[in-house]
Amino acid sequence: MRRTSRKKRSTLANRAIAASAALILGGGGLVAVNVYASAGEGPSGSSPPTRTQNAGRQLSTIDCPEAVDGLPEVPDEARGEVDRELAAMDTQITDAYQQFADRKEQIARDPGLAENAVLGPLRSKRTASLDRIGIAIGRAGERPAGLESLAGCSLRADDSRGGNGGGRGDGNGGGDGGQDDGQGQDQGQNQGQDGGQGQDPGGQDPGQGQDPGQGEDPGQDQGQGGNGPVAADFVDIQSVQPNVDRPRQRRGASRGTFTTDCGRNENGKFNPDNVIVAPGVSNGAHHMHDYIGNQANDAFASDDDLANGATTCRNQGDRSTYYWPVLRLQNGQDENDVDADGGGRDQNVGEIQTPSQVTLKFVGSPVGRVTAMPRFLRIITGDAKAFTNGDTNANASWSCTGFEDRQLTDKYPICPEGSQVVRTFAFQNCWDGQNTDSANHRTHVAFAQENGRCPNGFRAVPQLVQRIVYDVPPGPGFAVDSFPEQLHKPITDHGDFINVFDDRLMNKMVRCINDGRRCR
């Protein structure tokens, strides 16, 4: 598969509208959620819009309730079947979105066609899957009631606000689904208040009254073959005010760091699987991932496979797997996956970019010591469906080299000449002390609270802070891969980690961080 690490740079004449952002750092890592003046969005899974509601609106995507959020605790015996049905429901949405996209103009003229041709059949398929999920859970315990309420989907407009940019976010690692972690507390994310700018950054021309899209309407779909992103999804980083505040470290803080070098995916390991969320399901992510570290990772990898897999990490005691959605240039050039699942078949097109730099650093707690992570602990940070789910679990941080005191969550940065795009993921740093995973892949881990302490019942572990840098041309010409209906919004960015450190190296990491040293 062809990969591009450096492209001829171009210039951008127009600057984007300034947007204020709020960012809180926890345990030494970046966790950002933008605060924009916004009218907000309706909830996922709301009733399908009526003909009157649809009149004059540009409907862009399909919005479905996240089924995993409505499930009770899933018994271990049922998890495999439930995970497969949840993955099948993702495929159902992907297929329905394609049908919607193919009939977009017809639906704009006759919104009733959406119900008959797209939403109705989708609801029937989701109802059947939810019924099978209920049966699977019922075999091992009490069958949950009311799952059919999760079947309905609606059409919604893309107003380019990126998943309710002004909403509350506790950031608890939603991964490929959005749900509060159940702690009932803010885990160190955005406080969810209006930025007070009195402007709608998603609804204005980001070119200060000029056309940034070479004659195209910035409100129309661009890039990804008409699947987004749009010009309003980008902002000039120089117009963003610094918004990073570093938390005060208390006496007894674990101030050390441990850095592992696992390369930049120079060998081009890609697949559209997600072994955490959709084990045993090919193309479970419907978007392509970069992989570094463990090379045995695909949808069918067991813990034993990972334990015995080769690794790109310099220290062979680290066989962990680190993966994230690829970033592509929107330059009209096809990649080798143009006709493949996760690529062109799922509306992900353009040249995959190899990062110019990847840093994997584990940091400590601002209030105390950390304890070892259990082997095979799985953590997903961010929410791949944040555009439709809302920003409850969004944890993307976008910036530019030289401007990393300014972080964005629901906008891509336009970097000046000589500056590179930066993606930062600060993973959850608290563990429940018992489980390496959970049914929704979230509740076994959490972010520390605002005071730096873990929620009750959780203990501090080394926090993975992942920094990925790209040398791309300045301007709105790139996007991360996403589920098709997520329209390649920046807020959908997310990262995945499975701990496969051997015990010796994990213990070295913990000692190093607790002793305040910098180690590799």
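The values are calculated or read from the model by the stated rules, or taken from the named source; none is laboratory data. Every value quoted in this text rests on a predicted model; they were computed, and no experiment measured them. Note that we place each Cβ from the backbone using ideal geometry, even for glycine, and neighbour counts take in every protein chain shown. Heads up: the accessible areas ignore ligands, DNA and RNA and are worked out on the full protein's heavy atoms, side chains in. Shrake-Rupley method; radii C 1.70, N 1.55, O 1.52, S 1.80 Å.
Points to keep in mind about this one:
- Within the stretch 309-328, residues that are free of Cβ contacts under 8 Å to residues at least 40 places away in the same chain and closer than 9 Å to residue 262 by Cα reach no partner that is open to solvent by 10 Å² or more (accessible area, probe 1.4 Å) and in a strand (DSSP E or B) with beta carbons closer than 7 Å at six or more positions or on different chains.
- Take the conditions (1) surrounded by 24 or more Cβ atoms within 10 Å (Cβ to Cβ); (2) not in a strand (DSSP E or B); residue 322 misses just one of them, which is (2).
- Any hit, the stretch 424-433, residues being surrounded by fewer than 24 Cβ atoms within 10 Å (Cβ to Cβ), over 30 Å from residue 233 (Cα atoms) and free of Cβ contacts under 8 Å to residues at least 40 places away in the same chain: yes
- When residues of the stretch 76-109 are limited to those that are small (Gly, Ala, Ser) and open to solvent by less than 20 Å² (accessible area, probe 1.4 Å), the one nearest to residue 438 (Cα to Cα): 78
- Residue match in the stretch 225-240 (condition: open to solvent by 30 Å² or more (accessible area, probe 1.4 Å), in a loop (DSSP other than H, G, I, E, B) and at negative phi): no
- Taken over the stretch 403-421, the criterion of being surrounded by fewer than 24 Cβ atoms within 10 Å (Cβ to Cβ) and out of contact with any helix residue (DSSP H, G or I) (no Cβ under 9 Å at 6 or more places or on another chain) is satisfied by 404, 405, 417, 418, 420.
- Test: residue in the stretch 101-117 that is closer than 21 Å to residue 283 by Cβ and modelled with pLDDT under 95: yes
- The listed residue being at positive phi and not hydrophobic (A, V, I, L, M, F, W, C), out of 494, 444, 488: 488
- All of (1) among the acidic types (Asp, Glu); (2) within 22 Å of residue 436 (Cα to Cα); (3) assigned to a helix (DSSP H, G or I) hold for residue 73 with one exception: (3).
- Any hit, the stretch 267-289, residues being assigned to a strand (DSSP E or B), out of contact with any Lys or Arg (no Cβ under 7 Å at 6 or more places or on another chain) and within 19 Å of residue 94 (Cα to Cα): yes
- Meets criteria (farther than 17 Å from residue 69 by Cα and surrounded by fewer than 24 Cβ atoms within 10 Å (Cβ to Cβ)) for residue 374: yes
- Any hit, the stretch 285-294, residues being surrounded by fewer than 20 Cβ atoms within 10 Å (Cβ to Cβ), at pLDDT 95 or above and either out of contact with any His (no Cβ under 8 Å at 6 or more places or on another chain) or not hydroxyl-bearing (Ser, Thr, Tyr) (or both): no
- Residue check, residue 332 in contact (Cβ under 8 Å) with a residue 60 or more places away in the chain and not hydroxyl-bearing (Ser, Thr, Tyr): no
- Only residues that are polar (S, T, N, Q) and open to solvent by less than 10 Å² (accessible area, probe 1.4 Å) were counted in the stretch 331-350, giving 1.
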